[in-house]
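Structure first, then comments.
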DNA sequence: GACATCATGGGATACCATGGGAATTCATGG
DNA sequence: CCATGAATTCCCATGGTATCCCATGATGTC
């Protein structure tokens, strides 16, 4: 199975009064080959934003968790953290999802949302909060001297 | 065989005086392709909640147990705890199941039930008990630094 | 300039969850 | 074996909301 095209770029879209927002077209294209046409969202434990991915990614996680002994503590902890809080959100014919109010509230999203590609996943931020975070991240990266070990994409 | 769509999300539904409760529509959709239209429920041995899955998952467990030596202690213990106490619950045309009183009693479920996706299975909690459990789990996950080795989903 | 795509706005409809009662089935007792 | 009561299953109705569908303007590409 080929490596998934990564989520790239940052997009800023409006959120309407029903909590609907367009998933950016390039992100929809990343997931075009999946059977579930939508995204899975859940609250980040690291930042005040929403984490997003495709259902395929979630199914991979499910298989990984399932490799563990059924009913073991590891299985239970991971399942509770990953799956219980996940919201599968199908997009409509126009490519919009409806954000759950509880995710919007914690991320502080009201009128706009910033979709931020993170490779295999993406994040949905309140745009100003993201600008603040981005500034901090860039400063950290410059101070530490960012580097990344590269490996070839595996094919089967 | 492709990975099953995981049970995701948490839903809170009312339990009526007959012990009926709606299985959330997304959970019903996960099991839509199975011949037995319902769920299998049994008491958790780890937490005070009800464990739920589809009949297909139960069949897989049955195969796993059958791989063990027949009449061995392991076989007997697992069979006793998994199959003897399992309740197959067909849902009606509206998607409701009727919870056995003995499962409701142990889980402390009276007026509402929280359906909690766990990937290949799900749990049914008394909502307040689940909130308490969830708070504890999150605290533990942050302290331990949760991580999961990822592997690709296998296809046949 | 034309066309296609994307994002946005709005409204109608179908689905979901909930409530209730009737009919059927099952277990029990005589 | 039959009758009866309890429990389960089946069916109908309803309100709310999520989903679906349509329209339009803006933007990018050819």
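The values are calculated or read from the model by the stated rules, or taken from the named source; none is laboratory data. If you're wondering where the values come from, they're calculated on a predicted model, not measured in any experiment. All Cβ positions, even for glycine, are placed from backbone atoms using ideal geometry, and neighbour counts span all protein chains on display.
Points worth noting:
- Considered as a group, the residues in the stretch B:1-18 that are in contact with a helix residue (DSSP H, G or I) (Cβ under 9 Å, 6 or more places away or on another chain) and more than 17 Å from residue A:86 (Cα to Cα) include one that is farthest from the other protein chains (Cβ to nearest Cβ), and that residue is B:15.
- From the list B:54, B:9, B:33, the one residue that fits, being closer than 25 Å to residue B:102 by Cβ and more than 8 Å from DNA strand C (Cβ to nearest atom), is B:54.
- Residue list for the stretch B:1-14, restricted to those being within 13 Å of DNA strand D (Cβ to nearest atom), surrounded by 11 or more Cβ atoms within 10 Å (Cβ to Cβ) and outside any loop (DSSP other than H, G, I, E, B): B:11, B:12, B:13
- Of all the listed residues (A:21, A:40, A:65), the sole one being within 16 Å of DNA strand D (Cβ to nearest atom), within 14 Å of chain B (Cβ to nearest Cβ) and not in a loop (DSSP other than H, G, I, E, B) is A:40.
- For residue B:48, the conditions (1) modelled with pLDDT of 90 or more; (2) in contact with a strand residue (DSSP E or B) (Cβ under 6 Å, 6 or more places away or on another chain); (3) more than 12 Å from DNA strand D (Cβ to nearest atom); (4) not in a helix (DSSP H, G or I) all hold with the exception of (2).
- Residues (in a loop (DSSP other than H, G, I, E, B) and farther than 20 Å from residue B:56 by Cα) located in the stretch B:68-86: B:69, B:70, B:71, B:72
- Meets criteria (more than 14 Å from chain A (Cβ to nearest Cβ) and touching a helix residue (DSSP H, G or I) at 6+ places or on another chain (Cβ under 7 Å)) for residue B:95: yes
- Against the conditions (1) without any contact (Cβ under 8 Å) to a residue 60 or more places away in the chain; (2) outside any helix (DSSP H, G or I); (3) within 12 Å of chain A (Cβ to nearest Cβ); (4) surrounded by 17 or more Cβ atoms within 10 Å (Cβ to Cβ), residue B:89 satisfies every one except (3).
- Those residues of the stretch A:99-108 which are crowded, with 17+ Cβ neighbours inside 10 Å and either within 14 Å of residue A:23 (Cα to Cα) or away from DNA strand D (no atom under 16 Å from the Cβ) (or both), in sequence order: A:99, A:107
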